[in-house]
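K.L.:
First the structure, then my questions, so here it is.
The values are calculated or read from the model by the stated rules, or taken from the named source; none is laboratory data. All values reported here derive from a predicted model rather than from experimental measurement. Neighbour counts are summed over all protein chains in view; Cβ atoms, including those assigned to glycine, are modelled from backbone coordinates with ideal geometry.
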Amino acid sequence: MPKASNPQNLEIRLQKVIADCGVCSRRKAEVLITEGRVAVNGLVVVELGTRVNPHVDVISVDDKVIDLMSIEKVYVLLNKPRAYVTTVSDPEGRKTVMDLVWGVPTRLYPVGRLDYLSEGLLLLTNDGEMANKIMHPRYEVTKVYEVKVFGHVNEALMDKIRQGVMTEDGLMKPKSVRMIEQLPNKTWLEFRLSEGKNREIRKICEALDLTVDKLRRVAIEGLTIQGLPIGQFTFLSKKELLKALGMNEDGERVTHTRPQFVSAKKTVDVKRATKMVGKTARPANDRRYQGFRKDKYYETVKSIKELAALKAQEEAGGAPTTSMPVTQG
């Protein structure tokens, strides 16, 4: 195995260099290495632990030399719609967020993920180092989400959300949560997170028997999608991105207080909201709402439509010709 010379002490993992050059994702780079398609200083490397100095070592993939120093860093802010996968490609043939971004001269990768049915702020870049600083819990970057759940969230439920829940991935606890709108049968909440655990909000809600109707990320620190239409994107300079995140060029905090997104939506008093919806309102942890979770959603909606059609037919004085099963939502 070739040992990379490194007078500047800047050795980093080989797969990271390949990903940062825009050749492919870091995971795919690992596959290329193990397949013997990567060489360092003319010698094939097959071990994933290999570290190189991109300032000194000559790295090639499939006999083509790659140069980290010549890659222009690109930062794209996208307002992701629902029903798009947050990946570069999808084996099931579903639409991906890459279908929404065009006119980019280099390969980009999503920073973190938003679920297929989630929407909102998504960053895409070829700057792996910056992506890590946004996503790694060590940097405590705050992400803001607006979440609509079925039913009414009362004070007891709000307290449970704030206390966090224990899952197989450990304690999941939001940095803060508040009510921003009370609808007759649904509730809008604002979550602020800083740990970046996978599907954290959905896992908190599921653990408390809450059913999410809509989830959208509206901000990362001071970076927001306000004014950016759904499905549209815009380019950012690194300077703009760092300023919005409250970081300097080294990715460290500029001040003790980072710029924070301040929503125009006022906090709703939970006690007042409880009185407004009345005693007949179903609490958000009513398990009948679980029929609207994504694995059962379409079946439930179909059953509701069938029930409505039967009721309309009966009111019109006709008898149903077939018996159709109904799932209670």
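K.L.:
Which of (1) of a type in the set (Gly, Ala, Ser); (2) within 24 Å of Glu221 (Cβ to Cβ); (3) touching a Lys or Arg at 6+ places or on another chain (Cβ under 7 Å) does Ala131 not meet, given it meets every other one?
P.N.:
(3)
K.L.:
Here's something else I'd like to know. Being surrounded by 12 or more Cβ atoms within 10 Å (Cβ to Cβ) and closer than 30 Å to Glu240 by Cα is the filter; apply it to region 57-76 and report the residue that is nearest to the chain's Cα centre (by Cα).
P.N.:
Per the stated criteria, the residue is Val76.
K.L.:
Take region 37-60 and flag every residue that is of a type in the set (A, V, I, L, M, F, W, C) and either in a loop (DSSP other than H, G, I, E, B) or over 11 Å from Arg13 (Cα atoms) (or both).
P.N.:
Val38, Ala39, Val40, Leu43, Val44, Val45, Val46, Leu48, Val56, Val58, Ile59 - these are the residues of region 37-60 that are of a type in the set (A, V, I, L, M, F, W, C) and either in a loop (DSSP other than H, G, I, E, B) or over 11 Å from Arg13 (Cα atoms) (or both).
K.L.:
Give me a count of the residues in region 198-230 that are farther than 16 Å from Arg162 by Cα, part of a loop (DSSP other than H, G, I, E, B) and either in contact with a helix residue (DSSP H, G or I) (Cβ under 6 Å, 6 or more places away or on another chain) or without any contact (Cβ under 8 Å) to a residue 60 or more places away in the chain (or both).
P.N.:
Residues that pass the stated criteria total 5.
K.L.:
Filter region 248-288 for residues that are more than 29 Å from the chain's Cα centre (by Cα) and crowded, with 16+ Cβ neighbours inside 10 Å and give the result.
P.N.:
Ala273, Thr274, Val277, Ala281
K.L.:
So is Thr142 surrounded by 14 or more Cβ atoms within 10 Å (Cβ to Cβ), outside the structural domain of Pro54 (by TED's automatic domain parsing), touching a Phe, Trp or Tyr at 6+ places or on another chain (Cβ under 6 Å) and touching a residue at least 40 places away in the same chain (Cβ under 8 Å) or not?
P.N.:
Against the criterion (surrounded by 14 or more Cβ atoms within 10 Å (Cβ to Cβ), outside the structural domain of Pro54 (by TED's automatic domain parsing), touching a Phe, Trp or Tyr at 6+ places or on another chain (Cβ under 6 Å) and touching a residue at least 40 places away in the same chain (Cβ under 8 Å)), Thr142 does not qualify.
K.L.:
Of the residues that sit in region 145-185 and are under 21 Å from Gln260 (Cα atoms) and aliphatic (A, V, I, L, M), which one is surrounded by the fewest Cβ atoms within 10 Å (Cβ to Cβ)?
P.N.:
The selected residue is Ile180.
K.L.:
Kindly provide the set of residues from region 42-63 that are within 14 Å of Val17 (Cα to Cα) and not aliphatic (A, V, I, L, M), ordered by number.
P.N.:
Narrowing region 42-63 to residues within 14 Å of Val17 (Cα to Cα): 45, 48-61.
Result: Gly49, Thr50, Arg51, Asn53, Pro54, His55, Asp57, Ser60.
K.L.:
A follow-up question, please. Scan region 201-234 residue by residue and report those that are surrounded by 16 or more Cβ atoms within 10 Å (Cβ to Cβ) and within 22 Å of Gly246 (Cβ to Cβ).
P.N.:
Those that are surrounded by 16 or more Cβ atoms within 10 Å (Cβ to Cβ) and within 22 Å of Gly246 (Cβ to Cβ): Arg217, Val218, Ala219, Ile220, Glu221, Leu223, Thr224, Ile225.
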